[in-house]
Amino acid sequence: MGKPRVNLEDFSDMLHFDAEQEKAVTDIPAAASAQGEASEPGGILEMDFAQMEPFPSHKFKLYEGQQLADMVESIRQFGILLPIILWHNEEGRYIILSGHNRHNAALLAGLSKGPVIIKENLTYDEAVLIVTETNLRQRSFGDMSHSERAYCLAQHYEALKSQGRRNDLLEEIEMLLNPHESKENPTSVQVEQKLESREKVGQEYGLSASKVGRYIKIATLIEPLLMRVDTGEIPFLAAYDLSFIEDTDRQRQIAELMESDNYKIDMKKAELLRSYYETGKLNDTSTVQILSGEKTRKPKNNKPQPFKVKQAVITKYFTAGQSAKEIEDTIDRALALYFENMHIPEEQGERYPDE
């Protein structure tokens with residue numbers, strides 16, 4: 001799948017990459033200058049890595065394996081070519097918005113500082129937009145895990161929502177996140193009818209509108225469950241059903257039972273967990289019964305299996321002139337007599353037929 005096309009008209013303005021719009025070196029806080037930062041043309045500074053912090057709740061996984069090794073080797077040879085974008089927030093902390101992998105690889109390469117661009121006067125939502133936008137631009141959805149996609153889309157959605165942008169897109173996703181409300185309210189425009197909005201979502205993220213909605217809903221799962229979605233232990237659609245269990249304590253119980261008892265979750269179990277939760281029947285006992293398979297296991301059939309009497313047996317005891325009804329009645333009476341004789345008490349001097 002190719003890279004999603006995310007077009008926020010003000011994104012470039014937000015980053016202010018143009019030299020003429022960059023923060024002048026003289027505008028950098030005095031505390032920053034005192035910490036030994038050296039300015040470069042265009043507002044790019046050198047900063048010690050020890051002064052930087054990862055973005056809070058940053059859920060994009062750092063590179064591993066060969067991808068990480070390649071980046072470390074590249075930085076050893078050429079240095080950090082693309083500056084790390086930092087957010088100097090109101091608390092005076094320098095938060096990494098873009099460049100978590102560069103920061104990590106540079107440390108492994110033995111560097112202690114690197115080039116940065118510092119952004120100030122950002123709201124948290126604007127900072128989130130930069131985090132998600134840069135990850136979307138630098139990776140394709142095919143390179144991301146399910147949890148990263150869910151986090152990215154959910155954070156992006158919330159940031160846009162808080163700023164009142166793209167109302168048509170937000171209304172569409174809102175409908176996808178609340179399917180019961182759209183079904184119960186006949187005056188609402190049904191999701192299925194909003195084909196134009198579906199197309200816009202597809203163009204925006206490279207995904208269908210329903211997939212975007214599912215990812216945003218899945219983002220509400222606790223991290224231990226999301227990690228099992230990444231590993232394939234919980235199928236994607238099963239995770240979507242689980243996300244309707246809004247009680248985080250119940251989600252935590254499910255994750256703990258999967259860990260301690262090695263329970264698996266498939267579509268059937270996830271659907272049942274969601275159904276029990278929405279009808280108020282999901283408690284400690286029913287959760288265990290569903291996860292263990294007791295609730296989804298087919299009840300045993302106590303009825304005897306049907307069989308046919310061999311033709312040789314019928315020929316042995318019946319004539320060709322007897323009808324099927326006559327044969328059936330005779331067999332019925334013979335079996336009744338047989339079982340009746342089996343239950344004659346021994347004290348009456350009779351023995352059981354099989355003795």
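From zero up to wherever the largest Cα-Cα distance of the stretch 204-342 sits, split into 10 Å bins and tell me the percent of pairs in each.
Distribution as computed: 10, 30, 16, 8, 9, 14, 12, 2, 0 percent.
If you take the square roots of the eigenvalues of the alpha-carbon gyration tensor of the stretch 231-305 and sort them as a ≥ b ≥ c, do you get rounded (a/c under 1.5), prolate (a/b over b/c) or oblate?
prolate
Counting only the backbone N, which residues of the stretch 224-238 are under 14 Å from the spot 7 Å out from the Cα of S208 toward its beta-carbon?
Only 237 pass the distance filter.
In nm, to one decimal, how far is the E294 label point from the F339 one, both placed 7 Å along Cα→Cβ?
Placing both labels 7 Å along Cα→Cβ, they lie 3.2 nm apart.
As an exercise, use a Förster radius of 25 Å and the Cβ-Cβ distance of K264 and S145 to find the FRET efficiency, rounded to the nearest 0.05.
With a Förster radius of 25 Å, E is 0.80.
In whole percent, how big is the carbon plus sulfur part of the accessible area of the stretch 59-100, probe 1.4 Å, protein atoms only?
Percent of accessible area from carbon and sulfur atoms in the stretch 59-100: 52.
Which FRET efficiency value, to the nearest 0.05, do you get for Q66 and L107 by plugging their Cβ-Cβ distance into 1/(1 + (r/R0)^6) with R0 = 25 Å?
0.85
At 1.4 Å probe size, with every protein chain present, just tell me what the per residue accessible area of the stretch 210-294 comes to in Å².
46
Between F78 and F236, with labels modelled 7 Å along Cα→Cβ, what's the label distance in nm to one decimal, could you check?
Label at F78, label at F236, 3.3 nm between them.
My understanding is that a pair violates if its Cα-Cα distance is over 31 Å; which of K217/K281; K268/K308; K268/K303; K211/K269; K113/K211 do that in this structure?
Too far apart for the 31 Å limit: K268/K308; K113/K211.
Express the accessible area of the stretch 57-103 per residue in Å², computed with a 1.4 Å probe while the remaining protein chains stay in the model.
55
The values are calculated or read from the model by the stated rules, or taken from the named source; none is laboratory data. Just so it is clear, the model here is predicted, and its values are computed rather than measured. Every residue, glycine among them, receives a Cβ derived from its backbone with ideal geometry; neighbour counts consider all protein chains shown. SASA here: full protein model, heavy atoms, side chains in, ligands and nucleic acids out. Shrake-Rupley method; radii C 1.70, N 1.55, O 1.52, S 1.80 Å.
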